[in-house]
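Colleague: Starting off with a structure, shown below.
The values are calculated or read from the model by the stated rules, or taken from the named source; none is laboratory data. This is a predicted model, so every value here is computed, not measured. For the accessible areas, the whole protein counts, side chains as well, though only heavy atoms, and no ligand, DNA or RNA atoms are used. Shrake-Rupley method; radii C 1.70, N 1.55, O 1.52, S 1.80 Å.
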Amino acid sequence: MIDLQIRGRGIHDSRVLAAMERVHRHEFVAAELASSAYEDCPLPIGSGQTISQPYMVALMSELLALQGDERVLEIGTGSGYQTAILAQLCREVYSVERIPRLAVAAQEHLQRCGYENTRVYTGDGTIGLAEFQPYDRIIVTAGAPALPQTLADQLNPGGRLVIPIGDRFLQKLMVVEKHGPEIVQQEVCGCVFVPLLGKEGWKVYNE
Ligand code: SAM
């Protein structure tokens, strides 16, 4: 998977490549999906959600430009796979998941695997996690209609945020940088994520 789907598609950060080698994706999906775990596609994790495509996990991790000492906020824990990759690349990961069942399962799994620099919280990640702000990096792994202002506010000056922005079915992966009070956004590529639901995301219809 690493050579063909990750390095072969242009991911060069050696720390990201090493983290992708170390974290076994089949451990983050149901046993009946384990044989598909190294295909480069999202897979269902229950509650209508997915574990992200490995290439997208690697790309978003590389775009964060982590050096190792950062505090990172992740919105959309899902299975915890991206969280486990981030845990190898930075000092601390604070991850927020809105579906309690997924948050609890991911937290338990990450603890069992020994990722002690990760903490998972249940809640609406569109309003960030005020308790531990500001963050050096923020990663959003669900598609937003626009940049949530609260997340921009919780980003350290000089910090970087990676987020898919677009409509409910198709987004553009954006890198957002905070230079003093100024916010600079750069488009990277097209992408498809499940919707970011919540106060500063898409409206929740069925709850
Ligand atoms: N990166 C994850 C992984 O590796 O398994 C997959 C993330 S999945 C594509 C997107 C996740 O975002 C879903 O689990 C969904 O419940 C969550 N989500 C959507 N809106 C959210 C919100 N407002 N706050 C926190 N999580 C949210």
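Colleague: Where only protein heavy atoms count, and the probe is 1.4 Å, what is the accessible area per residue for the stretch 2-191 in Å²? Each step should come with its number before you reach the end.
Modeller: Details: 8160 Å² over 190 residues.
In whole numbers, the stretch 2-191 has 43 Å² accessible per residue.
Colleague: How big is the convex hull of the Cα atoms of the stretch 116-207, per residue, in Å³?
Modeller: Working: hull volume 9.9 nm³, N = 92.
Each residue corresponds to 108 Å³ of Cα convex hull volume.
Colleague: Divide by every residue of the chain the summed helix terms, -39500 (n - 2.57) for each DSSP H run of at least 4, and state the resulting mean residue ellipticity at 222 nm, rounded to the nearest 500 deg cm²/dmol. Intermediate results must be reported in sequence, preceding the final value.
Modeller: On the way: 5 runs with 44 residues, N = 207.
So the helix-based figure for the chain works out to -6000 deg cm²/dmol.
Colleague: Give the carbon-plus-sulfur fraction of the accessible surface of the chain in %, rounded to a whole number; probe 1.4 Å, heavy atoms of protein chains only.
Modeller: Numbers: 4930 of 9420 Å².
Of all accessible area on the chain, carbon and sulfur atoms account for 52 percent.
Colleague: Now, a different point. For the stretch 1-116, what does the equivalent ellipsoid look like in terms of its semi-axes, each the square root of 5 times an eigenvalue of the Cα gyration tensor, given largest first in whole Å?
Modeller: Details: eigenvalues 83, 67, 27 Å².
Those come to 20, 18, 12 Å.
Colleague: Is the stretch 114-159 best put as rounded, prolate or oblate by its Cα gyration tensor, with a ≥ b ≥ c the root eigenvalues, rounded for a/c under 1.5, and otherwise prolate when a/b is larger than b/c, oblate when not? Intermediate results must be reported in sequence, preceding the final value.
Modeller: Details: a/c = 1.76, a/b = 1.28, b/c = 1.37.
Judged from the Cα gyration tensor, the stretch 114-159 comes out oblate (a/c at least 1.5, b/c at or above a/b).
Colleague: Using a 1.4 angstrom probe and counting only protein chains, how large is the accessible area of CYS191 in Å², to 10?
Modeller: Its heavy atoms expose roughly 10 Å² to the probe.
Colleague: Output needed: percent of Cα pairs per 10 Å distance bin for the chain, bins running from 0 to the one holding the longest distance.
Modeller: Final binned percentages: 9, 38, 40, 12, 1.
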